[in-house]
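Shown next, in structure tokens, is the structure this report addresses.
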Amino acid sequence: MGPKQQTKPPAPTPTALADAELVRSCRAGDVTAWRSLYDRYAPLVHRFASALGVPVEEREDAAQDIFIAVFRSLRHFRGEAQLSTWIYRIAARHAIRLGRRRRTRENMRLLMIKEKPTFLVDPSERSTQIATLDRMLEKLPPKKRTVLVLFEIEGLSAKEISDVVGCPENTVWSRLHHARAEMVKAARRMVP
Amino acid sequence: MKWLEEPHDDAERLLRECLDQAALRTGDEITHRRVWAKVADAIEAPEPRSYGRFIFAGAATVLMVAAGLVAYPHIRDLTRGPIVQMTPIAKNVVHATAPTKSESKAGAGEVTIAGAEPQATLIESERVPGNVVRTRAGERVRVALGGGAEADLAENSAITWDSQHRPSIEKGMARLSVPHQPPGWRFSVTAGPYVVTVVGTKFQVHVAMNTVSVDVTEGVVEVGRGSNSTRLVAGDSWNGPLYPEEAHTAPAAPQERPSALPTPAAKAPVATTRGLQDAQAALQAGDTRKAVEILTRAAQGTGPAAENASYELGRITRYNLNRPRQAVALWDKYRTRFPAGLLRTETDLSIVETLSQMGDVRAALTEAEAFVARHPTSERRMDVQRLAERLRASETPASLK
């Protein structure tokens, strides 16, 4: 009897089931399903892009690009991972690419001795804690930052993170360990 | 258990609090809706067939742009006539004089530059604080400001650079032409206590004895002093006192500015997303009346926030206050104010749905047909078409009366 119980697949969670249905409807061309999918994942994309350092003035464009990429490649989504994991993967890739472009621009700006850009603040994020966290996260290399954000802010498991960033679980743990140590160090510098 | 849930010191406590706070930043509903409007438009566009072709086209474009950037200064030199380059020996003041064929020093730290037609002379001055380019009566020069921007300096005018290397109109009049700046880049020019910030536009700054004025020909500019700022669009004019402290006014606030010109003072101020967030907070707290008040105020302004507020007013009236007819009137008002607004599709759709739910078959059918005609590529077109068919089928003689 024991083996039977082991082979029994776990009951899908309501969200997973709804995600699968949503993907099916989207693939069938149901436009309302597209809107539902957007409504469900827009806050996640916004939060993740913000934590990965996409500046406020680029966030709307970034979210737009991420969702266009999601909708256009939905037919390639095989359903092996959770839909959210797949969206995280697209968003992480996009945010890292944006960060690289931003750094290149900054370097060019320094070379051309142009005016420093004005960094805008999202009025919904006036919290000093958010600003403090952003300052600490800024110091982390992109790979460690992505892992830390996915684990500590987004609440993903190491397995899910390894799916998102495309590396072994051990590497995830190692990056997380180093990122945490650097964050604590940064926090100690901020607290007198 | 969460990491640092039992912190050892203040630093760890701060870090945990920051992480918890970050988990709550999900963006506001208005932003999500605005992004959706763009996403919906984009995903309806035909999908590119091959990424390889696009990567190749992108790489070619990058190469061409890079080559253009490298070659641009040389081409400009060749095509725009003589360029007067400041020399390190005498770089403090430049005078563009009436055309002669000579260049002569006019005194210590002052150079008279000549040799070109007044309207065609392009001065490439070192953009360092203290350098001044000055014109006398009857003279006119163009000054390169970096980043492809140029100032056409009228007679009896002067331009200099401030400590942040920003061009600064010292006196007289300058017509500025600024090419579109890359994302995240802003071009600023100062005039008296004001900073005019642009992304890409043409405008004119005039510094007179006691006033500063800005006239926008193309694009959008922002005039600011301290934390106050106002946005001007093409055709707008603005003026403010050169010495605001003496005038005892807050010049950047349009309504307080002394102005003889048709300035945006007559216009409503630009609404901000802060108001919308306050409205959202009020709604969440169950204070619909307060939310409506905030949105009504925000809707009276201009810009995207006002547009969103106008739409939101209709939505709250429909769903929170349950006044469908009033909601339709509000959405209709939105359509009049923002005929090509970002939320136009959503507004049209809301009107169709509300009229249909109200049982106003004739009006709903008219709106539905108008929607199908107006938004032939909308994702909701098929839904609305189906609704129109149902309405047509249910149209009875009674409802036609």
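We did not get these values from a lab; they are worked out from the coordinates using the rules stated. This structure is a prediction, so every number in the text was calculated from the model and none was measured. Note: ideal-geometry Cβ built from the backbone for every residue, glycine included; neighbour counts use all protein chains shown.
Quick notes on this structure:
- Whole-number percent relative contact order across segment B:273-400, with pairs defined as alpha carbons under 8 Å at least 6 apart: 14 percent
- The Cβ shell under 13 Å around A:Lys159 holds other residues with a net charge of -4, Lys and Arg each +1, Asp and Glu each -1.
- Per DSSP, loop trypsin sites (Lys or Arg not before Pro) in segment A:64-104 with at most 14 further Cβ within 10 Å: A:Arg78
- For the set A:Lys144/A:Lys185; B:Lys38/B:Lys290; A:Lys144/B:Lys2; B:Lys38/B:Lys202; A:Lys139/A:Lys159; A:Lys143/B:Lys38, the pairs lying more than 21 angstrom apart at their alpha carbons are B:Lys38/B:Lys290; B:Lys38/B:Lys202; A:Lys139/A:Lys159; A:Lys143/B:Lys38.
- Each Lys or Arg adds one and each Asp or Glu subtracts one; over the other residues with Cβ under 14 Å from the Cβ of B:Leu365, this totals -3.
- Dipole moment magnitude, nearest 20 debye, segment A:127-192 about Cα centre, only Lys, Arg, Asp, Glu C-beta charged: 400 debye
- Cα shape, segment A:127-192, gyration tensor, a/c 1.5 rule: prolate
- Only Lys, Arg (+1) and Asp, Glu (-1) charged, at Cβ; segment B:273-400 dipole about Cα centre in debye: 180 debye
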